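Only one structure is covered here, and it is reproduced in the block below.
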Amino acid sequence: MEPKPNPASTRIVILGGGFAGAYCAEEFERYLQKTNCEVFLLDRHNYFIFYPFLIEAGTGGIEPRHAVVPLRPFLKKTHFHTGEIESVDPALQKVFYRIPSTDQMREVDYDHLVIALGSTTRMLNVPGMREWGREIKTLADAIALRDRAIQMLEQAESATDGIRRTASLHFVIVGGNFTGAELAGQLKALLNRASRFYRHLSSLECRVTLVEISDRILSALDPELSAYAAQHLSELGVDVRLRTSVQEVSPDWVRLSTGEQVATSTLICCAGVAPNPVVSKLNLPFESIDGKGYILCNRDLRVRSFANVWAIGDCAVITDAKGKPYPAMAQHALREGRVLARNLARVLAGQPPLPCDIKTRGSIAALGDHRGVARIGRFRVSGVTAWLINRAYYVWALPGWSRRLRIVSDWTLDLLFSRDYVHLGAHTTIPPTGNTRRAA
Ligand SMILES: Cc1cc2nc3c(=O)[nH]c(=O)nc-3n(C[C@H](O)[C@H](O)[C@H](O)COP(=O)(O)OP(=O)(O)OC[C@H]3O[C@@H](n4cnc5c(N)ncnc54)[C@H](O)[C@@H]3O)c2cc1C
């Protein structure tokens, strides 16, 4: 048990140090003295992923380490511990966690609990998806993706079997929303650039197919921005398949709803988010959890039927004044974290918490080859301008000048020099390909 340094103080325990949890802790640091509190933050990693840069890290535009924010320097007055959260006992007000890579369990008691455990990738429920489908959610996924792309080029360069060569050079991405559309464009741009270094490959042979079940990609944006994005991706060489879904996945082919069986060794699922399974182990009563497994909150961010348990970010359902849930986005998670810090300070000062009223500032997608689409307030922008806005906005949003300079120097070097197309082979999150079967 972690003893309180000052038994009279109030302890706030935050589960998850991603966008929501880390910004909640950072904002609360200014109230620590006034409220006589200590904040204890637990996460399985000692960094949080700055998600807007994860795809670029996975396609070689930036160094993967530069796409994360280390938590210890970010949170100077918070007690940070790495831990795998295992369960919570709300009656005893205790959190149980495991020291990562060990079987040593620890517990910590709380006066207020903040749940900010994020979400997981929604892997479609089709045969073979869980075994062979990939995702891009963690830093390891991003590093493995880049490694995989180069490994596939190497395999294709020396392949004697035509079907294996076709499968190696074909990358299928499922889901045409922000993550899928950005990944398709940036991966195709990477393959186009990398293929120049292979004597027996051409960029035309390196295929990326984006499979989207609805009738347009980026459906959260206006139809004209979706149309621009689809047009740009097609010009880059991405095969955009609308009104199509994946029915079955194998190591070397996928079957589409059109009946086609297409050769591919790499499928990446970007079909949205699912609840973090650990939420089901937190022993929250059924009235606090919706039918899918997300945590239901009141508008002041308190978990329903609790006075001292709060939830923010992707794991929580928080609605605006009209009852519409806020979308699972970093910009919302971050601001929910800050609102919660202020609400905790209010409650500890004996004042009522305020409702969380935030507006979506806009949506931006970087589509590869220096193009993008953006909707900011009433403005719609596409092309190079949108791409520049994307870069400027996210560099500004990154915490700390050293991190901003690292990203800008990565981008500058990327403009001036060729990327390193090396297969490190150090990351094993992607299983090896199985036996090649005949496929179209
Ligand atoms: C590839 C990708 C790109 C994205 N790009 C954008 C974008 O450009 N703009 C945007 O607004 N949104 C973007 N998003 C969405 C955005 O990342 C999320 O909405 C945001 O991260 C949610 O913040 P969060 O704090 O709720 O969750 P997270 O940031 O995921 O943080 C959750 C934290 O909980 C920790 N955790 C989870 N389970 C456990 C456990 N059992 N034990 C210990 N720790 C645990 C995790 O390690 C993590 O640090 C993107 C998402 C992805 C996957």
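Coordinate-derived values only; no laboratory data. Everything numeric here is computed off the predicted structure, so don't read it as measured data. All Cβ positions, even for glycine, are placed from backbone atoms using ideal geometry, and neighbour counts span all protein chains on display.
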Taking the Cα centre of region 1-135 as origin, sum charge times position over the Cβ atoms of Lys and Arg (+1) and Asp and Glu (-1), and report the length of that vector in debye to the nearest 20. 200 debye
Peptide ranges 311-320, 383-392 listed from the most packed, as the mean C-beta count within 10 angstrom indicates: 311-320, 383-392
Take peptides 195-203, 210-218 and line them up by average Cβ neighbours within 10 Å, highest first, as a rough protection proxy. 210-218, 195-203
Against the longest principal axis of the chain, how steep is helix 178-194, in degrees 0 to 90 to the nearest 10, with axes from Cα atoms? 40 degrees
Identify, among H332, A374, G350, the residue whose Cα sits farthest towards the positive end of the charge dipole of region 325-398, taking +1 on the Cβ of Lys and Arg and -1 on the Cβ of Asp and Glu, with the dipole about the Cα centre. A374
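Compute for region 154-227: radius of gyration divided by Kirkwood radius, i.e. Rg/Rh, restricted to C-alpha atoms, rounded to two decimals.
Result for region 154-227 is an Rg/Rh of 1.08.
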Counting only pairs 8 or more residues apart or on different chains, how many lysine pairs in region 213-365 have their Cα atoms under 18 Å apart? 4
Prolate/oblate/rounded call for region 12-105, Cα gyration tensor, a/c under 1.5 rounded: oblate
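Please report Rg over Rh for the chain, where both radii come from the alpha carbon positions and Rh follows the Kirkwood definition.
0.99
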Among residues other than L284 whose Cβ falls under 13 Å from its Cβ, what is the net charge (Lys/Arg +1, Asp/Glu -1)? 0
How high is the relative contact order of the chain, given as a whole-number percent (alpha carbon pairs under 8 Å, six or more residues apart)? 19 percent
Give me, ordered by chain and number, the residues 5 or more places off C37 or on other chains with an amide H under 5 Å from its own placed amide H. T10
Enter the angle in degrees (range 0 to 90, nearest 10) between the Cα long axis of helix 330-348 and the first principal axis of the Cα atoms of the chain, meaning the one along which they spread out most. 0 degrees
Sorted on mean Cβ neighbours within 10 Å (highest first), peptides 358-366, 327-335 come out as 327-335, 358-366
Provide the net charge surrounding C297, with neighbours chosen by a C-beta distance below 15 Å and charges set as Lys +1, Arg +1, Asp -1, Glu -1. -1
Using modelled amide H (1.01 Å from N, peptide plane; none on Pro or chain starts), what sits under 5 Å from the amide H of L296, excluding residues fewer than 5 places away? I289, D290, R304, V317
To the nearest 20 Debye, how big is the dipole of the chain about its Cα centre, given +1 on the beta carbon of each Lys and Arg and -1 on that of each Asp and Glu? 780 debye
I'd like the Karplus ³J(HN,Hα) series for region 23-34: coefficients 6.51, -1.76, 1.60, θ = phi - 60°, whole numbers in Hz, and an x wherever there's a Gly or Pro. 6, 5, 4, 4, 5, 6, 4, 6, 9, 4, 5, 4
